[in-house]
């Protein structure tokens, strides 16, 4: 489990089923790391670069095959502090970044609406490239988030250009509420 509080970014390169990522922290083989929101297992680590195997499903559902800079977070320890929201690392898919605009010390960022539009609610949580964020506004075909300067500087969100794909994960609590309501008929 992760919290969506990014610990750093790293350069990434995908090749022949493997993802190579420069990490800003130490890991061991078998550790779980959120890479742009996808829970991946460390295969090897040489002190600088970690290697992850990427399965076909992960490659199809994420932007990891094309990402050059990725957000990184180690799995939350059972006795760790819970800062963001529950992020499982099970990416639902990708959506496109649409636009951004500045307003004071806030940057408003618009993203296309995912197919799970039921999971997007104002003041609700969403993980984008592994970052725990709050939905600020919902419109017909898109939603907006507000990003503070710290988040722009310390994640890859500040590097996004219109049209780029972003990994998203619908809030797990919204997912379970939906399932319970469906079961009730």
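The values are calculated or read from the model by the stated rules, or taken from the named source; none is laboratory data. These figures come from a predicted structure and were not determined experimentally. All Cβ positions, glycine included, derive from the backbone under ideal geometry; neighbour counts span all protein chains shown.
Within segment 1-17, residues that are under 7 Å from residue 73 (Cβ atoms) and not assigned by TED's automatic domain parsing to the domain that holds residue 45 reach partners that are in a strand (DSSP E or B) and at pLDDT below 95 with beta carbons closer than 6 Å, at six or more positions or on different chains, in the pairs 2/87.
Scanning segment 122-141 for residues that are surrounded by fewer than 17 Cβ atoms within 10 Å (Cβ to Cβ) and either modelled with pLDDT of 95 or more or in a strand (DSSP E or B) (or both), which turns out nearest to the chain's Cα centre (by Cα)?
The selected residue is 134.
Taken as a whole, the structure leaves residue 74 outside the set of residues that are over 18 Å from the mean Cα position of the chain (by Cα) and under 20 Å from residue 133 (Cα atoms). Listed by first and then second residue, the pairs with beta-carbon distance under 6 Å, at least 6 apart or on different chains, first residue in segment 152-172 and in contact (Cβ under 8 Å) with a residue 40 or more places away in the chain, second buried (at least 22 other Cβ atoms within 10 Å of the Cβ) and in a helix (DSSP H, G or I), are 170/119.
How many residues are surrounded by 10 or more Cβ atoms within 10 Å (Cβ to Cβ) and either modelled with pLDDT under 90 or closer than 16 Å to residue 163 by Cβ (or both) if we restrict to segment 79-88?
6
So, residue 110, is that one part of a loop (DSSP other than H, G, I, E, B) and on the phi < 0 side of the Ramachandran plot or not? Answer is no for this residue. Within segment 89-111, the residues that satisfy the criterion of being surrounded by fewer than 16 Cβ atoms within 10 Å (Cβ to Cβ) and in contact (Cβ under 8 Å) with a residue 24 or more places away in the chain are 90, 96, 99, 105, 106, 108.
The criterion of at least 2 residues that are closer than 18 Å to residue 92 by Cα and at pLDDT 95 or above is met, among strands (runs of 3 or more DSSP E) falling completely within segment 5-78, by 32-35, 38-45, 69-74. Scanning segment 142-179 for residues that are part of a helix (DSSP H, G or I) and closer than 19 Å to residue 72 by Cα gives 149, 150, 151, 152, 153, 154, 156, 157, 158, 159.
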